[in-house]
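Structure, as C-alpha cells:
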Amino acid sequence: MHISFARSDRSSVGVEWELELVDRTTGELSPIADDVLRAMAGEDGEEHPHATHELMLNTVEIVSGVHDRVGGAVGELLGIVEEVRDAAAPLGADVMCSGSHPFSQWYDQKITDKERYHRLIERTQWWGRNMMIWGVHVHVGIEEQAKAIPIHNALLGYLPHLQALSASSPFWAGVDTGYASNRALVFQQLPTAGLPWQYEDWAAYEAYVEDMTRTGVITDYTEVRSDVRPSPHWGTLEVRSCDGVSTGLELGALAALIQCLVDWMSERMDDGETLPWLQPWYVRENKWRAARYGLDAEVILDSSGREALVTDDLRELVEMLQPVAERLGCATELAQVLEILDIGGSYQRQLAVAAAADGDLTQVVAHLVREMHEGRPLRP
C-alpha cells in the first residue's frame, strides 16, 4: 500500500479543541450539538468551516486553520469558542472543556447520527458508549516524508510530559478515580487508540495500515487513533495524547511545547543526528505513571532508565527549547508551561474545588465554565 505524505510547511501548526456542552442549571452534559452547529451555519445553510460534530451530541469540535505561529491558531480558536458560546446560550447551555465530565453518565448520552460513528459503536459496544472524553490535538507540519517516522518515534519519549501537563480527568461518572488522566486509560480501549507502534520507517507504517485495512480493523489510515500519528493528507504529525483543557493559556502552552519539540527534532535531523527511541516498555510505563500521578509522576527519560520528576524535566525542557520558541514566535506560549506548573494542573484544580465544596461536583463544572470564560487557570 502506498500512502502519499502531502507537502507541508515546516513546523506549521493547527489545533483541534473538543468542547463540552453543559446545561447551565444542572451542569449535566447537554446533547444539543445539532442545534448549536445549525445556529453557527452561514446564511446559505453552509456548515461552519471550523466547527463540527464529534462522536456524541454533547460535543462540538473546533478546528483552526494552518498557522505559522501558535498564537494565531489559539487566537482563531478563541474566536470560535465565542461563536459556540453565543449559539449555546439561547439553548440554556454553557461551554467548557476537560478530559472527562465530572459526573454525567454514559448511558444518558446520545450518539451523533453519522455512519462512521454508528459503525464504531456497533463494533466497540460498551467501551464505545463510554467515550465521554475530550481532548486537544495538535498538528505540526513536516516538510519531508523521511522525517515523519523518526520524529514520530522520538516524540513518544515526551508523551508523559504532555499528558501530565494537560491531565484534566480525575473524575468519572461522579467518582474520584485516583488518576490525574482517567481519559488516557479509557480511550486506549478502542481499537487502534492508545500508544502507537514504533515503525522502522515509512514503508513499515504503510505495511501496518495495509494489514489493518485488509483485516477490516480500519477502512483507511484516518481510523488509526493513536496518541501520536502521521496525518498524511495534511503532511503533519498529529499529537493526540493531551486531555482537553479549559483555557486558552493551557492550549497555547501545549501547542507551543509540541511545535518546539518537533522543530527541535527536525533541526537535529538536519544536523545528521539519529533521533533516540525509548524502549516500548518504558513508553508504556511512562503513560501509566503520567495518567496516574499527573504532575507528581516520576518519568523515565532515556534508554538507560534515568528518571526524574516530570515537573523538573518540563522546566528543563522549557529552558532548552527557548531559542527554538524565539525563532518560531511562540516564546510567550512556551513560558506559559511554567505558569501551569506554578498554579497547578487542571486535575489538581478540580480536586481542590471538589474538596472545598464537600464533594459537590457541580461546583467543579462551574469552575471549568468560569475558566473557559476567563481564558486562564483560576486558583480554587
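The values are calculated or read from the model by the stated rules, or taken from the named source; none is laboratory data. Quantities reported herein were computed from a predicted structural model and do not represent experimental measurements. Don't worry about glycine lacking a Cβ; one is built from the backbone with ideal geometry, like all the others, and counts go over all protein chains shown. Each accessible area value is taken on the protein alone, full model and side chains, heavy atoms only, with ligands, DNA and RNA left out. Shrake-Rupley method; radii C 1.70, N 1.55, O 1.52, S 1.80 Å.
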Please enumerate the residues belonging to the range 1-31 that are touching an Asp or Glu at 6+ places or on another chain (Cβ under 9 Å), outside any strand (DSSP E or B) and over 30 Å from Arg327 (Cα atoms). Met1, His2, Ile3, Arg24, Gly27, Glu28, Ser30, Pro31
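Name the residue, out of Gly345, Gly329, Gly359, Gly305, that is buried (at least 19 other Cβ atoms within 10 Å of the Cβ) and small (Gly, Ala, Ser). Spell out how you get there, then give the answer.
Details: Gly329 fails: buried (at least 19 other Cβ atoms within 10 Å of the Cβ); Gly359 fails: buried (at least 19 other Cβ atoms within 10 Å of the Cβ); Gly305 fails: buried (at least 19 other Cβ atoms within 10 Å of the Cβ).
Answer to the selection: Gly345.
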Are any residues in the range 195-247 open to solvent by 10 Å² or more (accessible area, probe 1.4 Å), of a type in the set (Phe, Trp, Tyr) and touching a residue at least 60 places away in the same chain (Cβ under 8 Å), and if so, which ones? Trp202, Tyr221, Trp234
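From the list Gly329, Gly294, pick out the single residue that is in contact (Cβ under 8 Å) with a residue 24 or more places away in the chain, in contact with a strand residue (DSSP E or B) (Cβ under 9 Å, 6 or more places away or on another chain) and among the small types (Gly, Ala, Ser). Please lay out each step first, then the result.
On the way: Gly329 fails: in contact with a strand residue (DSSP E or B) (Cβ under 9 Å, 6 or more places away or on another chain).
After ruling out the rest, the residue left standing is Gly294.
Rundown of residues vs (1) modelled with pLDDT under 95; (2) among the acidic types (Asp, Glu); (3) open to solvent by less than 50 Å² (accessible area, probe 1.4 Å); (4) touching an Asp or Glu at 6+ places or on another chain (Cβ under 6 Å), yes/no style:
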{"position": "Gln259", "(1), (2), (3), (4)": "no, no, yes, no"}
{"position": "Leu275", "(1), (2), (3), (4)": "no, no, yes, no"}
{"position": "Pro280", "(1), (2), (3), (4)": "no, no, no, no"}
{"position": "Arg289", "(1), (2), (3), (4)": "no, no, yes, no"}
{"position": "Glu298", "(1), (2), (3), (4)": "no, yes, no, yes"}
Consider Gly71 against the criteria (1) touching a strand residue (DSSP E or B) at 6+ places or on another chain (Cβ under 8 Å); (2) touching a residue at least 40 places away in the same chain (Cβ under 8 Å); (3) buried (at least 17 other Cβ atoms within 10 Å of the Cβ): it satisfies all of them except one. Which criterion is unmet? (1)
Output yes when any residue across the range 42-54 is among the hydroxyl-bearing types (Ser, Thr, Tyr), in a strand (DSSP E or B), open to solvent by 30 Å² or more (accessible area, probe 1.4 Å) and touching a residue at least 12 places away in the same chain (Cβ under 8 Å), and no when none is. yes
Please verify whether the range 248-267 includes one or more residues that are touching a residue at least 24 places away in the same chain (Cβ under 8 Å), part of a loop (DSSP other than H, G, I, E, B) and small (Gly, Ala, Ser). no
